[in-house]
Amino acid sequence: MKRIPVDVAGLEFRAVEDIAPKLKNRETGEMKVNAAGVPVYEVLMTVKGEGRRTELMAVSLPTNAPPDVRAGQVVALEGLTGFFWETSGRAGVSFSVTAIAPVLDEAGV
């Protein structure tokens, strides 16, 4: 699957909910892992560019140590990529990052 890098310059990302495990099976609570066996976490966020409307997107992060990302925080993304998927007559674009961290203001909040 080809990953397409996304330029995040000029974009603001804000978490809509706390980062949480991405589930492979909602009935059993089984957590998704990537091909290397690393757990995958997910956070729903808004993305806004100057003069553009706000969009909603989910971003996945494979990691053994999830960052402390909470709802309402502005966050910085590293290594944002998108990839096109198609299965069972459905299609879409999914996004993943190599790192995500809260952006602290001058007060450290």
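Points worth noting:
- Qualifying residue in the stretch 47-54 (condition: of a type in the set (V, I, T), in contact (Cβ under 8 Å) with a residue 24 or more places away in the chain, surrounded by 13 or more Cβ atoms within 10 Å (Cβ to Cβ) and not in a loop (DSSP other than H, G, I, E, B)): yes
- Inside the stretch 22-46, residues that are exposed (fewer than 15 other Cβ atoms within 10 Å of the Cβ) and in contact with a Pro (Cβ under 7 Å, 6 or more places away or on another chain) make up a count of 4.
- Scanning the stretch 17-37 turns up no residue that is assigned to a strand (DSSP E or B), in contact (Cβ under 8 Å) with a residue 40 or more places away in the chain and hydrophobic (A, V, I, L, M, F, W, C).
- Options V75, V93; residue that is loosely packed, with under 13 Cβ neighbours inside 10 Å, assigned to a strand (DSSP E or B) and of a type in the set (V, I, T): V93
Taken together, the values in this text are just the output of simple stated rules run on the coordinates, not laboratory data. If you're wondering where the values come from, they're calculated on a predicted model, not measured in any experiment. Glycine gets a Cβ as well: all are built from the backbone with ideal geometry, and neighbour counts include every protein chain shown.
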